[in-house]
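Enquirer: Pasting a structure below so you can have a look.
The values are calculated or read from the model by the stated rules, or taken from the named source; none is laboratory data. No experiment lies behind these values; they were computed from the predicted model shown. All Cβ positions, glycine included, derive from the backbone under ideal geometry; neighbour counts span all protein chains shown.
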Amino acid sequence: MKNFNVLIVEDDRVCARLLQKMIDEKPGYSCVAVVDNGVDAINQIYKGKLDLILMDIGLLGVMNGRDAARVILDNYNIPSIFVSGQPFEETISISQESYSYGYVMKPFTKESLFEQIESGLEKFLKGDKIFPITNSESSELDELTGVLTIGSLLIEMAQKNLLEDTRLGVLIIRLDGFKDSQLAVRTSKYEYFIQAMVICIINNLENSKLVARYNEESIIVLVPNSNITELENIQSAILLSYNKYVPDQTVSVGYSINSKLMRSKNELFDEAENKMKYMKFLREKANSFA
């Protein structure tokens, strides 16, 4: 009898423990690991064979459950079953538009859990492509900027074991002043500002292969074998370059460095983002006294 290896990706500890208990008690199934974010889920793929992922839709951090499921299915051909505490209609809509082979509603029973798991595995093993699957090559690059998508960058990090580099630097560069409503409009002005920001970033890097679209208004850069002085110099160069390129628009830049071995990616990214926000706060405060 085949033993199915299951990865649980859930940020609710109580729910994660319950899922793990149910999986381990079921003959033919083993829980190989429990992680609480999409980034660590991708990393776990390199540690052993996986047959199925139980993926919480509402993950916090860099990647939500939907994005993580897409990246994993596209690049590693591992199916996901969504676990959701969202309203039924919303969960169904997300599942049908995403990369899931089923869904489990919270609260769940052992019977309802394995009904979805067995159904999803059957469809996947038969080769049924029940939800849209994009070509992985076409999803590697961000359409607007031409740099990597965040999912592709995370795969690069895992494949190159970049977290083993205790001098890995991270920079996050954010376009200032655009609200969510403005970002949704995707005006030509906004697109110009984002594209100009990417040009300024790449022009000030020796290696532009580790640049990615972090979110709608931000770009993230990885700088292997770096140090604080180098990151500060890159930060200053980007700010100066963008100010010359687009004098009527500002950007904020924050950085962090992997000062201890195998520091989590979320921790690295969060520190860079917090410094970026603090930099913006200081600039706005200085402008208020001008």
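Enquirer: Scan region 142-164 and report the pairs whose first residue is closer than 17 Å to residue 75 by Cα and whose second residue is among the basic types (Lys, Arg) and assigned to a helix (DSSP H, G or I), with Cβ atoms within less than 9 Å and a gap of 6+ or a chain change.
Expert: Pairs that qualify, where the first residue is closer than 17 Å to residue 75 by Cα and the partner is among the basic types (Lys, Arg) and assigned to a helix (DSSP H, G or I), are 151/70; 154/265; 157/265.
Enquirer: Can you tell me which residue in region 255-266 is modelled with the lowest pLDDT, limited to those that are over 18 Å from residue 40 (Cα atoms) and surrounded by fewer than 23 Cβ atoms within 10 Å (Cβ to Cβ)? Lay out the reasoning, then the answer.
Expert: First, pick out the residues of region 255-266 that are over 18 Å from residue 40 (Cα atoms): 255-257, 259.
When the remaining residues are screened for being surrounded by fewer than 23 Cβ atoms within 10 Å (Cβ to Cβ), the result is 257, 259.
Working: 257: 91, 259: 77.
Looking at the filtered set, the residue picked out is 259.
Enquirer: Between a residue in region 221-247 that is in the same structural domain as residue 209 (by TED's automatic domain parsing) and any residue that is surrounded by fewer than 14 Cβ atoms within 10 Å (Cβ to Cβ) and in a loop (DSSP other than H, G, I, E, B), which pairs come within a Cβ distance under 8 Å, given they are 6 or more apart or on different chains?
Expert: Listed by first residue and then by second, the contacts come to 223/207; 224/207.
Enquirer: Let me ask another. Have a look at 146, 177, 102, 169 and point out the one that is modelled with pLDDT under 85, more than 30 Å from residue 2 (Cα to Cα) and touching a Ser or Thr at 6+ places or on another chain (Cβ under 9 Å). Talk me through it step by step, then tell me what you get.
Expert: Values: 146 fails: touching a Ser or Thr at 6+ places or on another chain (Cβ under 9 Å); 102 fails: more than 30 Å from residue 2 (Cα to Cα); 169 fails: modelled with pLDDT under 85.
Exactly one of 146, 177, 102, 169 is modelled with pLDDT under 85, more than 30 Å from residue 2 (Cα to Cα) and touching a Ser or Thr at 6+ places or on another chain (Cβ under 9 Å), namely 177.
Enquirer: Something else about it: Here's a check for you: in region 1-28, which residue that is outside any helix (DSSP H, G or I) and aliphatic (A, V, I, L, M) is surrounded by the fewest Cβ atoms within 10 Å (Cβ to Cβ)?
Expert: As a first pass, look at region 1-28 and keep what is outside any helix (DSSP H, G or I): 1-12, 26-28.
Filter again for aliphatic (A, V, I, L, M), leaving 1, 6-9.
Details: 1: 5, 6: 25, 7: 25, 8: 25, 9: 28.
The residue in question is 1.
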